[in-house]
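Below: the structure, in structure tokens.
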Amino acid sequence: MIMNTITTLEIVRSYLNQISEISDADWIFFSSRLTRRDIPKKTTFLKLGAIENHISFIVSGIVRLYIPKSDPSKEVTFGFSFGSQFVSAYDSFLTRKPSLYELQALTKTTILSISYADLQEVYKTTKIGNLIGRLTAERLFLIKSKREQTLLHYTAEERYLNLFKDRPAVIKEIPLKYISSYIGVTPQALSRIRKRIT
């Protein structure tokens with residue numbers, strides 16, 4: 001387990017070092033505040049109305065961002081996050097207000113999380129805190145912006161192909177009902193698109 005944690009920490013450091021070199025002192029302080037969480041498949045780990053208290057780095061797995069409805073068939077999936085990406089209901093994290101959407105592990109997912117209180121300490125003590133905040137904010141913005149842009153500029157078939165092109169291996173792990181919601185069509189319409197393509 002210790003070796004596993006060391007390996008997962010190195011994944012995070014390697015990812016961050018590609019963007020900005022991190023000093024050993026900053027890394028030791030930051031990494032000591034990270035908590036590993038192994039989330040079972042199909043587990044919602046942030047509920048609607050809860051205040052987001054973490055920023056998390058996905059070591060492995062797929063996370064769905066969605067707006068739940070009383071009728072599950074009407075849920076709105078507006079984003080997916082994959083391995084080597086940060087995930088959070090960041091608007092809730094920043095404002096300390098209840099989240100308007102949920103985060104769900106679609107597969108068995110391993111994340112490394114830092115709490116709001118610990119991140120404030122990292123901000124005060126290191127340079128790395130600002131980088132984490134920026135990357136998380138950018139990630140949430142890109143998720144929302146990408147979906148809005150694709151809905152405006154591409155056909156449903158093009159939206160599906162673009163999603164498949166970006167992540168061909170992992171898309172197979174996502175149930176079709178979530179993909180159809182993400183690209184803005186019914187599951188039946190998505191089935192027809194898939195038949196045309198194949």
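Odds and ends about this structure:
- Within the range 58-75, the set of residues being loosely packed, with under 15 Cβ neighbours inside 10 Å and touching a residue at least 60 places away in the same chain (Cβ under 8 Å) comprises just one member, 73.
- Residue check for residue 135: in a helix (DSSP H, G or I), on the phi < 0 side of the Ramachandran plot and not assigned by TED's automatic domain parsing to the domain that holds residue 27: no
- The range 70-109 - residue that is of a type in the set (D, E, K, R) and in contact with a Phe, Trp or Tyr (Cβ under 8 Å, 6 or more places away or on another chain) and, of those, nearest to residue 38 (Cα to Cα): 102
- Within the range 6-32, residues that are more than 18 Å from residue 86 (Cα to Cα) reach partners that are surrounded by fewer than 17 Cβ atoms within 10 Å (Cβ to Cβ) and modelled with pLDDT under 85 with beta carbons closer than 9 Å, at six or more positions or on different chains, in the pairs 23/127; 26/127.
- The set of residues in the range 152-187 being surrounded by 14 or more Cβ atoms within 10 Å (Cβ to Cβ), hydrophobic (A, V, I, L, M, F, W, C) and under 16 Å from residue 76 (Cα atoms) consists of 156, 174, 179, 183, 185.
- Only a single item in (1) surrounded by 11 or more Cβ atoms within 10 Å (Cβ to Cβ); (2) of a type in the set (A, V, I, L, M); (3) not in a strand (DSSP E or B) is not met by residue 55, and it is number (3).
- Here residue 158 clears all of (1) assigned by TED's automatic domain parsing to the domain that holds residue 197; (2) in contact with a Pro (Cβ under 7 Å, 6 or more places away or on another chain); (3) acidic (Asp, Glu) except the condition numbered (2).
The values are calculated or read from the model by the stated rules, or taken from the named source; none is laboratory data. Being a predicted model, the structure only gives us computed values, none of them experimental. Cβ: placed from backbone, ideal geometry, glycine included. Neighbour counts: every protein chain shown.
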